[in-house]
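The values are calculated or read from the model by the stated rules, or taken from the named source; none is laboratory data. Here the structure is a predicted model, which is why all the values come from computation and not from measurement. We place every Cβ from the backbone using ideal geometry, glycine too, and count neighbours over all the protein chains shown.
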Amino acid sequence: MSKSKFTWRDLKLSDFKVYLFALFKAFIPKKKLQNLNDLEEFIQTKSAWVAQVTLYSYLKTRMGTRYVLHFENDEFMQSVNLAKWNIYAVSLQDLTFYVFSYLKINFHFDSLHNAEEIFLNILDDELSNKMPQDIINEAKKNFKERLNKINWENQINDYPFNPSALSLFKWAPIADELKDLDRKIVLNSMILKWDIIKKEFSERIEF
């Protein structure tokens, strides 16, 4: 295998299965979101998707053909996992606030206390996935601070996903001098992913 060319052989079998499953899911009709359990699953899965896709895409772009080799380095992988969980934590906050602001504005949904309940439920679930406790604690603190300041009537129009975009820029394990060059591209890449989620949510919500 050439050292300068990425091929399908570089993919582990498990990675290939994940790729095929994701491709298959894209063609499955998506069910409507009709209750709080549906919302919780949507917020959890879509936040994880945005966090991981944007992080790994950025790393792959910056590392080029040596992308796979870096992922065999234990120290680097610790940095990647730290970044992944921190970006995910902020993504969860952003999407939770967006979803409930959308419900408030478009469906006159007033049980906004459910936003915090769902957010905490998701974090509790992530303990079994080895999400670090210190990141969970910090996420709960940040969520509470943002919740105390939120304007539900305007949240969806007030750059709702800027915090997670900035977290990608902050936590990605890339040299600072390179990140400075990439700032606009990195931030836009996450905002574009969130646009996909916003569109899907508007099409699936049926409260």
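Pairs meeting the criteria (first residue in the stretch 123-138 and touching a residue at least 60 places away in the same chain (Cβ under 8 Å) and more than 15 Å from residue 90 (Cβ to Cβ), second residue hydroxyl-bearing (Ser, Thr, Tyr) and outside any helix (DSSP H, G or I), beta carbons under 9 Å, at least 6 apart or on different chains) are lacking. No other residue among 91, 79, 101 is assigned to a helix (DSSP H, G or I), closer than 20 Å to residue 129 by Cβ and modelled with pLDDT of 95 or more apart from 91. Out of curiosity, is residue 85 touching a Lys or Arg at 6+ places or on another chain (Cβ under 8 Å) and hydrophobic (A, V, I, L, M, F, W, C)? Against the criterion (touching a Lys or Arg at 6+ places or on another chain (Cβ under 8 Å) and hydrophobic (A, V, I, L, M, F, W, C)), residue 85 does not qualify. Only residues that are under 15 Å from residue 56 (Cα atoms) and surrounded by fewer than 22 Cβ atoms within 10 Å (Cβ to Cβ) were counted across the stretch 160-171, and they come to 3. Here is a list: 147, 192, 168. Which entry is part of a helix (DSSP H, G or I) and without any contact (Cβ under 8 Å) to a residue 12 or more places away in the chain? On inspection, the qualifying residue turns out to be 192. Is at least one residue of the stretch 178-190 more than 29 Å from residue 79 (Cα to Cα), of a type outside the set (A, V, I, L, M, F, W, C) and buried (at least 17 other Cβ atoms within 10 Å of the Cβ)? Checked against the condition, which is being more than 29 Å from residue 79 (Cα to Cα), of a type outside the set (A, V, I, L, M, F, W, C) and buried (at least 17 other Cβ atoms within 10 Å of the Cβ), the stretch 178-190 yields no hits at all. Of all residues in the stretch 118-136 being assigned to a helix (DSSP H, G or I) and among the charged types (D, E, K, R), which is surrounded by the fewest Cβ atoms within 10 Å (Cβ to Cβ)? Per the stated criteria, the residue is 134. What residue, among those in the stretch 195-207 that are aliphatic (A, V, I, L, M) and touching a residue at least 24 places away in the same chain (Cβ under 8 Å), is nearest to residue 50 (Cα to Cα)? Only one residue fits best here, namely 197.
Do we have residue 184 as under 23 Å from residue 57 (Cβ atoms) and over 16 Å from the mean Cα position of the chain (by Cα) here? For residue 184, the condition - under 23 Å from residue 57 (Cβ atoms) and over 16 Å from the mean Cα position of the chain (by Cα) - is met. Filtering the stretch 90-117 down to residues that are touching a residue at least 60 places away in the same chain (Cβ under 8 Å), hydrophobic (A, V, I, L, M, F, W, C) and more than 12 Å from residue 147 (Cβ to Cβ), which residue is surrounded by the fewest Cβ atoms within 10 Å (Cβ to Cβ)? The qualifying residue surrounded by the fewest Cβ atoms within 10 Å (Cβ to Cβ) is 107. Among the residues here, residue 188 does not qualify as of a type in the set (S, T, N, Q), over 21 Å from residue 49 (Cα atoms), at pLDDT 90 or above and out of contact with any Pro (no Cβ under 6 Å at 6 or more places or on another chain).
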